[in-house]
Amino acid sequence: MKPHWLKRIVLTAAVLMVSIYYVQAQSKGSAFFAMNSIAGLWTFCLLLMGVILLSALSMKYRLKNLIRSLRARHQKPQLENVAAYIRQLNSHQLTALLRIKQHTKVKMLIWVALGCSLSAKALDAKPTRLMNQTGILITIILILIPVLVGIALMIFKLRRVIGNYHRKVYQEESGLLATYLDEMNDAEMLNELLQRKAALDYSLNHDELAGTVAAEDNKGLLNEISNENNVNFITRKKASSSRPPVDPALGKLILWFLGTATFWLLFGTTVGEYVGIKFVSPDVDHLSWLSFGRLRPVHTNAVFWGWASLAMLGLGHYIVPRVSNTSIASLKRGWYTLILVNAAVVLGTICLMAGINNAGGEYREYIWPVMALFATGLCITLANFIQTIARRTSKEIYISNWYIVSAVIFAIVIVLVAYSPFWQDGLGETIVQGYYMHQGVGMWFMLFMLGVTYYFLPQQLNRPIYSYSLGILAFWSQIVFYTVIGTHHFVFSSIPWWLQTVAIVGSVGMLIPVTSGTTNFFMTFRNGWHKLAGSYTLPFFLVGLVFYFTGSMQGTAEAFRYTNLIWHFTDFTVAHSHITMYGIITFLLWAAIYTVVPVLTGKEPPQITVGIHFWVALMGLLFYTIPLMYGATYRGIMWQSGKPFIDSVVFMAPYWLWRAIGGSLMWASHIVFAYNMYKMSLATAAPDIKEAALKKLSEQYLKGSVSSPIQ
Amino acid sequence: MELFDNHKTLYSTALGLFLILTLGVAILPAISNEQNNAPLPDAPALSEDAVKGKALFIANGCVACHTQQVRNVEMDKIWGERPGIAADYADDHRTDLLRNTATLMGTERTGPDLTNVGKRQPSRDWQLVHLFNPRTVVEQSIMPAYTWLFDIKDSVQEGDVVVNVPEAFLASPHQKVVASREALQLVAYLQSLKQVKLPDEKSPLFLYKREKPADNNGGAPATLNGAELYANNCQSCHQPNGEGLKGAFPPLKGSKIVLNDDPELMVDIIMNGYSGRVQEGFGEMPAVGTLNKLSAGEIAAIMNHERSSWGNNSRKVTEEEVKTIMDKVKK
């Protein structure tokens, strides 16, 4: 009976809410919780009714319990009750009783309890047009207020009445028990109670498991023993596990890659931060070299080719030989690449600021001689990687190397196609631009980082990848679909309509590699979620993978013709590119860097600053992207409805401010990251007394001043 | 499997697949577009100054905020009379050895589209003062100020193009702002940006037509919003408060022409432009009504907005009245 009655109320409420929101949805622009908002008032009313309903239900439940106990009390012989009470006496009560027994004097025992009930009538309301009138609603609320207060008062009154009744019942019962205890003089019973007291008073001495002898650890299982018993304000994470040693010369090269990458991250995002501030304060400077149009590509290109590319290449130099189970073919080539790529970013930055660029086209702003340096660096690396793989000692090629080497190959192809200086007249430039800008993101950064993740994620979780086949499926489907989606940046433009359609279909096809990749990574995580809390690298992987799914799906959603009407040309694209290039690529890069650098240097980053880095970067990203997406959506709608353009600029101001705030957080986290890099590489590690003592001892031993311990 | 265990086969297969797709979606469509495309017959060649102006436009990365493409959707109609077609870009060739072709279509519209800005805002005076600091004419603008394209002088020499910058934007009231050659070239380029008429007058359709606002008064056409039309067509010079800009654009507030009971001169100015107050230092007004293809109803709505705002209080004009004068003053 009850569930049915409940269901009806819930249904009525749901119908009411939906109808109200529907009406509300037709009158856009009014605030949801304004005093004249019908939906807001109704929500408030329904919430209030829900609270009353809940309290009525709980009252009803309590009343039922009371009635049941009353019935039981009348049926059961009362002495049985008394015996049950005696069995339930606790240690403290036993002490009191035994003492009393000695003095043959009984005091009253008092138990206190509460309980009451009430069944309130639920208010049933039906949606009518009348109910949508603010005046009617206000009247109903005015009537409801005294009624509700009355109901509340009644509930309190009833509680007290029932409470008094309970107290009376318990007083009677405790009187009965006291009389019984007073008359009880059975020696055997007293003895039993004494034993019970001894049993209850038993407590552990906390040495049962540990023993008093120091633990013997023959297999070296005990690590990170801490003798400090302070309160942990920060969760202590596991130190990175020891890995097979890396050739120090290779380690040095990788550290240079990662170090220069960190510099470009700091530089690029400082520029980005400044460019973001210009949206809020356009007159902050009037210098040609620092003007918005010149600095924007400096920011994007520095974080693309400087930060992400250099960091990826560094990680590639670690992974490719490792999964081939051999050493890197040539270290020298690694250094050439490092120098060439860094030179490209330095020269490119100076050129852009001086006003020398490639004439439009995002991420294609460096002129071709600069990009030629970059491509040459990639060619040298490609030869190096392929030679390393050619002399692998394993039969198969691990999937990471599929992704990484293919990414390098594709990046070279993309740069060649886009930068060859003898074609692309007219719209050809735009067709190639669509291809180039999206392949740069998808076939260079994303493909490479998937390869990196396929190596480091299983390693950090200490388990194999969930499915090798899914990885292969994702690989081929990524090539098939990603390659064709570039022109979705030019939907409705004058490039061929069929090409736009192909791009949109390809964007939908991206669901295949993205879902298979995401499934693979998350299934690798399965049953290993507990490791998240104890690791300082896994949270970075997790964020990267969550954004891999959401960011890529968002990309598909943005590609449709209808969503293009709203979002194209707005800052939604900017938010999306930060969700992907920052949320996916950069977070995964950090995850991998925090994994690999301690292995190379043997120095751990301070865990507290890693935590600060993680949280500030994540919060910054959310502050950056969410307001921007919200504002951009409304800006698109304003354009659609024909509002004056300048109105949409004014409208965006608060969202641009939020973007600057989020950007500042992100930027601050990069300083912390740079500090962590310093601590992991350049800083002298905290002196280890044990190590120093051993060194001293061995020196003395060599000098012969100490006799050999083994004789 | 052989494919999986042999690095040569694996990577050549991946490269082959990628190259085939690259050919299909980038290289061949681009080549086909280059070969089957020619500039429109009416398309004028850029003047020497405009070519240099375009180079400045490129160097300063203006494309980061300004698109140059009118999409074939109704919401883009304010940026051009017709959707852009491939032929509009056919005359764009590689800029020079270092720089690629500059179609400058862009992907962000932080600022307005510039496809047709030469028609929409042809006034050189406005473009110059706006470049010096956009906030002189559009208070809420967030566009950078290009002050380095101007010289600040104490005395003006012959041949100097003086820009009427409001005193608030200068360090001292005696300073004169003179446009440099680069500024004039950049403005020449902006003035050259005009959509070219198609030879057969048949242009592609705008898609996603805007839904007509629901008419509550049974079939009568919805009233045009004069304030919005004013904002789109007039406000950048005459300002939201109707007071214009001292020394550059005359006020409409309290203007004799606007308040005149006979609207003929006002319609004439809107349709044909005006140079009657150049001696007072005001810029020449372009023929906004003709350039922006405003209808009689739209002009009546704008006029009524101007005649009844900022303390102006003149009689309303009707669409028919405006139509008659438009036919009369048509040149």
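The values are calculated or read from the model by the stated rules, or taken from the named source; none is laboratory data. What you see is a predicted model; the values in this text were computed from it and never measured. Don't worry about glycine lacking a Cβ; one is built from the backbone with ideal geometry, like all the others, and counts go over all protein chains shown. Protein only, heavy atoms only, side chains kept; ligands, DNA and RNA dropped before computing areas. Shrake-Rupley method; radii C 1.70, N 1.55, O 1.52, S 1.80 Å.
Descriptive notes on the structure:
- For region A:556-571, filtering for residues that are within 14 Å of chain B (Cβ to nearest Cβ) and open to solvent by 10 Å² or more (accessible area, probe 1.4 Å) leaves 8.
- Residues in region A:414-424 that are in a helix (DSSP H, G or I) and free of Cβ contacts under 8 Å to residues at least 24 places away in the same chain: 1 in all.
- Qualifying residue in region B:147-163 (condition: touching a residue at least 60 places away in the same chain (Cβ under 8 Å) and open to solvent by 10 Å² or more (accessible area, probe 1.4 Å)): no
- Output for region A:573-586, where each listed residue is open to solvent by 10 Å² or more (accessible area, probe 1.4 Å) and either in contact with a His (Cβ under 9 Å, 6 or more places away or on another chain) or of a type in the set (A, V, I, L, M, F, W, C) (or both): A:THR573, A:VAL574, A:ILE579, A:MET581
- Residue, surrounded by the most Cβ atoms within 10 Å (Cβ to Cβ), within region A:488-504, restricted to residues that are more than 7 Å from chain B (Cβ to nearest Cβ) and closer than 14 Å to A:THR556 by Cα: A:HIS488
- Subset of region B:159-211 (residues that are touching a Pro at 6+ places or on another chain (Cβ under 6 Å) and among the charged types (D, E, K, R)): B:GLU167
- Condition check for A:VAL408 on (1) assigned to a helix (DSSP H, G or I); (2) within 7 Å of chain B (Cβ to nearest Cβ); (3) of a type in the set (Val, Ile, Thr): one failure, at (2).
Quick grid of which residues meet (1) of a type outside the set (Lys, Arg); (2) crowded, with 24+ Cβ neighbours inside 10 Å; (3) not in a helix (DSSP H, G or I):
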position: A:ASN527; (1), (2), (3): yes, no, yes
position: A:LEU588; (1), (2), (3): yes, yes, no
position: A:VAL596; (1), (2), (3): yes, yes, no
position: A:GLU604; (1), (2), (3): yes, no, yes
position: A:PHE614; (1), (2), (3): yes, no, no
position: A:THR625; (1), (2), (3): yes, yes, no
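- Test for B:GLY16: is it at pLDDT 95 or above and over 24 Å from B:LYS197 (Cα atoms): yes
- Every residue from region B:32-62 that is open to solvent by 40 Å² or more (accessible area, probe 1.4 Å), of a type in the set (A, V, I, L, M) and modelled with pLDDT under 95: B:ALA38, B:ALA43, B:ALA45, B:LEU46
- Meets criteria (in a helix (DSSP H, G or I), within 10 Å of chain B (Cβ to nearest Cβ) and not polar (S, T, N, Q)) for A:MET446: no
- A count restricted to region A:616-673 and to residues that are among the aromatic types (Phe, Trp, Tyr) and under 19 Å from A:THR550 (Cβ atoms) stands at 3.
- Unique match (being outside any loop (DSSP other than H, G, I, E, B), facing chain A (nearest Cβ under 9 Å) and open to solvent by less than 10 Å² (accessible area, probe 1.4 Å)) among B:ASP113, B:ASP88, B:ASP76: B:ASP76
- Selection count where residues are facing chain A (nearest Cβ under 9 Å) and in a loop (DSSP other than H, G, I, E, B), scope region B:116-134: 1
- Only listed residue being buried (at least 21 other Cβ atoms within 10 Å of the Cβ), over 29 Å from A:VAL650 (Cβ atoms) and β-branched (Val, Ile, Thr), chosen from B:VAL267, B:VAL278, B:VAL288, B:VAL258: B:VAL267
- Within region A:382-405, tally of residues that are part of a loop (DSSP other than H, G, I, E, B) and at the interface with another protein chain (Cβ under 10 Å from one of its Cβ atoms): 5
- Taken over region B:303-331, residues that are surrounded by 14 or more Cβ atoms within 10 Å (Cβ to Cβ), acidic (Asp, Glu) and farther than 23 Å from B:PRO251 by Cα amount to 2.
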